[in-house]
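Notes for the one structure printed next.
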Amino acid sequence: MEPTEVHFQIQAFIELVKNSADSGVEIDKRQTNMFDRFLTEPDFQKKFGQLTRKEIDKLKVSKNVTISQDQEIAFSLFWPRVTWSRADKQFSQPALTGGFVFSDGVAMLTERTDGWKKNQDNFLEYEKETTNDQALLDQLLWFESPTAPISVELYAPYYGCVLPNDHSFPHDFYFYDDGLMYQLPFNGYQEYIEALLANAAVQCWQYFYVPPQELVRKNKGLNYMTTFLRINTQLAEDFHIFEYNPTYTFDRLDIIHEYLQRVVRFLPLAFPTLNFDHQKAYLKELNQLM
């Protein structure tokens with residue numbers, strides 16, 4: 001297995017984050033150094049490629065699935081881990097944060113994901129309603145998130161996910177956030193990662209790829225939301241908690257809308273060399289539905 005275009009795009013983004021003077025940056029140096037070796041050292045590439053090829057061939061037989069060249073990308077993304085934050089004087093917490101860690105292709109076929117179970121149980125308890133997403137959630141596997149959903153006391157309860165199927169490596173993409181799931185329009189792993197990078201991996205960037213009408217339909221009138229979107233909300237003064245507090249009655253849609261407004265406002269300031277026309281157009285369309 002040799003590095004692909006998307007691997008070098010990830011490397012370029014890591015360098016962009018490193019050089020962003022006004023962003024707080026944390027990069028797992030040991031993991032990133034391994035990623036750099038994969039990109040630059042032929043002997044390392046050869047050894048890793050041989051081991052990975054054996055794993056892929058074994059999975060094809062044991063799981064009776066096909067694995068395309070695009071899907072093989074998922075087997076070489078577990079090295080880079082990045083977080084960044086954008087501060088602003090009007091906020092006590094960072095105005096925006098972002099970053100990513102990826103699952104591994106082997107784990108995606110051999111391990112189940114339950115890191116969101118507590119979060120999902122709370123959603124169903126407080127919202128007092130059934131959701132068609134529950135059966136789907138039991139099947140979804142995490143692929144990408146700001147934090148890995150394993151034994152983390154304070155983790156980001158939103159993930160890029162994939163849906164397993166009987167005949168091939170998972171290739172249907174979903175976004176999970178605090179009890180709800182949304183299907184994403186990406187046709188492959190490279191397309192997903194390119195969208196991630198185009199949004200500077202800002203937390204909950206996937207909302208910009210959920211049809212605005214669906215976003216309104218699934219969230220309007222709900223209150224339950226624990227995540228970063230509640231931090232720094234202007235809907236209530238000094239609201240800075242991660243845990244859900246039912247005494248605060250905000251419409252979940254309003255929280256998401258305000259957060260996307262914040263992203264469109266501050267992300268171009270944090271990453272002025274990136275183009276955010278898609279995000280601006282999406283927000284304009286969403287504004288018309290509010």
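Residue-level check: of (1) at pLDDT below 95; (2) exposed (fewer than 13 other Cβ atoms within 10 Å of the Cβ); (3) in contact with a Phe, Trp or Tyr (Cβ under 7 Å, 6 or more places away or on another chain); (4) not charged (D, E, K, R), residue 185 misses just (1). Residues of the range 106-156 that are modelled with pLDDT of 70 or more and assigned to a loop (DSSP other than H, G, I, E, B): 111, 112, 138, 139, 140, 146, 147. Checking each residue in the range 49-71 for being closer than 11 Å to residue 167 by Cα and outside any loop (DSSP other than H, G, I, E, B) picks out 60, 66.
For the range 7-24, how many residues are surrounded by 15 or more Cβ atoms within 10 Å (Cβ to Cβ) and at pLDDT below 80?
So the count comes out to 2.
Taking the range 160-201, which residues are in contact with a helix residue (DSSP H, G or I) (Cβ under 6 Å, 6 or more places away or on another chain) and in a strand (DSSP E or B)? Selection gives 173, 175, 180, 181.
The values are calculated or read from the model by the stated rules, or taken from the named source; none is laboratory data. None of the values given here were measured: they were computed from a predicted structure. Neighbour counts run over all protein chains shown; Cβ positions are idealised from the backbone, glycine included.
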